[in-house]
């Protein structure tokens with residue numbers, strides 16, 4: 001399959017203007033299932049931006065190669081230093097910001113994603129916890145993957161949000177396999193909550209991974225229509241637009257990513273990926289996951305949790321070493337309903353699955369992946385992140401991978417008691433749905 005990327009200019013009037021030029025070629029597509037294909041080889045496309053400025057939470061800034069300058073209008077009694085690029089931005093009691101380039105490196109006092117050390121680290125050099133199927137926190141529904149809503153997830157330290165979206169009657173919903181099984185509401189409503197949180201937390205970088213579940217859906221003329229373009233309207237309407245990160249090249253490799261501090265000062269601190277049908281020529285800010293990030297086997301039903309590359313298939317080891325990667329660590333159990341079987345989250349073993357040590361633990365998988373690949377996973381994907389061997393154990397695993405001291409900030413107030421997991425799973429399934437479904441991710 002040949003992919004041709006011609007130059008394009010995009011973005012709404014409120015956004016920076018980005019022009020991308022180049023040619024992208026790939027070998028034959030590698031089918032891995034119905035309607036699924038991946039590009040196996042890529043050339044680099046570079047992008048140049050005519051503007052990288054903006055305002056967020058009262059901070060006005062412009063970003064240079066090594067230093068940043070800016071001014072801040074709100075009053076404050078705090079004085080913080082945010083390291084950016086080759087210099088730093090200092091916010092004093094009078095809230096004026098200035099750029100410094102001294103031989104003595106200043107000490108950063110402002111946490112980025114919870115830790116001051118992260119401000120000078122590249123986005124690609126940090127391990128974050130990912131809430132698997134973040135929107136699916138519907139109480140008394142066995143198909144849920146989380147106990148707490150997205151705002152609480154972000155407050156607790158989740159920095160990657162993953163969800164499975166379906167297109168129903170012209171609207172995108174976050175639904176688990178089918179909207180008859182679990183419907184968590186519209187994509188736009190969910191993203192509005194994320195946008196509100198991002199607005200209120202100016203020193204945090206958030207990643208969103210969209211599972212485009214209906215990527216193979218076709219219209220009446222047999223043309224695929226569930227693509228990245230379908231998601232533009234709910235994303236723009238949600239209020240996320242001012243914060244979205246636009247990559248300077250396609251595809252992004254580990255060294256291409258900016259530091260968190262750079263993303264914060266330029267306020268472009270929401271990174272969006274999509275698994276299937278991303279089209280960065282049409283929508284440059286929805287990044288094609290499987291040309292820039294790989295995943296370990298997902299939806300496992302055993303506790304081995306291998307660190308092998310599953311998606312995209314046939315990715316060489318040399319390429320894998322230069323891509324972001326996700327360690328999928330959500331353990332499922334099979335439930336039989338008549339002649340049908342479903343995979344649902346294994347909530348019984350969460351104290352081990354989300355723990356630091358032992359067979360099947362998140363800590364063990366993180367350490368094994370680090371040993372296998374010479375660097376920790378970028379994202380640790382888990383169910384029910386707030387349950388583990390102790391309160392916040394998944395974040396302690398991430399802190400160990402990042403070589404920082406866990407800050408102990410976890411977790412929300414909901415528990416298994418409020419989810420009613422003590423008895424049989426409570427789930428409502430329509431006859432039509434049972435007739436159609438044989439598995440669930």
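Readers should treat all values here as calculations from the given coordinates under stated rules, not as data from a laboratory. Just so we're clear, the structure is a prediction, and the values are computed from it rather than from any experiment. With ideal geometry, Cβ positions are generated from the backbone for all residues, glycine too; neighbour counts draw on all protein chains shown.
So what are the three principal axis dimensions of the stretch 267-396 from its Cα atoms, in whole Å, longest to shortest?
The Cα atoms of the stretch 267-396 stretch 44, 39, 34 Å along the principal axes, largest first.
Can you give the percent of C-alpha pairs in the stretch 154-223 whose distance is more than 15 Å?
Result for the distance tail: 59 percent.
Taking the beta-carbon count within 10 Å as an exposure proxy, list 197, 294, 257 from fewest neighbours to most.
So the ranking, lowest neighbour count to highest, is 197, 294, 257.
Taking just the alpha carbons, could you work out the radius of gyration and Dmax for the stretch 225-266, both in angstroms?
Looking at the stretch 225-266, its Cα Rg and Dmax stand at 13.1, 37 Å.
From the gyration tensor of the Cα coordinates in the stretch 122-436, what semi-axes in whole Å does the equivalent ellipsoid have, largest first, with each one equal to sqrt(5λ)?
Numbers: eigenvalues 141, 129, 78 Å².
Gyration-tensor ellipsoid for the stretch 122-436: 27, 25, 20 Å.
Rounded to two decimals, what is the ratio between the C-alpha radius of gyration of the stretch 117-271 and 2.2 N^0.38 Å?
This ratio for the stretch 117-271 stands at 1.09.
Order these by the 10 Å Cβ neighbour count, fewest first: 199, 176, 166, 329.
199, 166, 176, 329
Among 159, 375, 317, rank each residue by its count of other Cβ atoms within 10 Å, from fewest to most, as a rough exposure measure.
317, 375, 159
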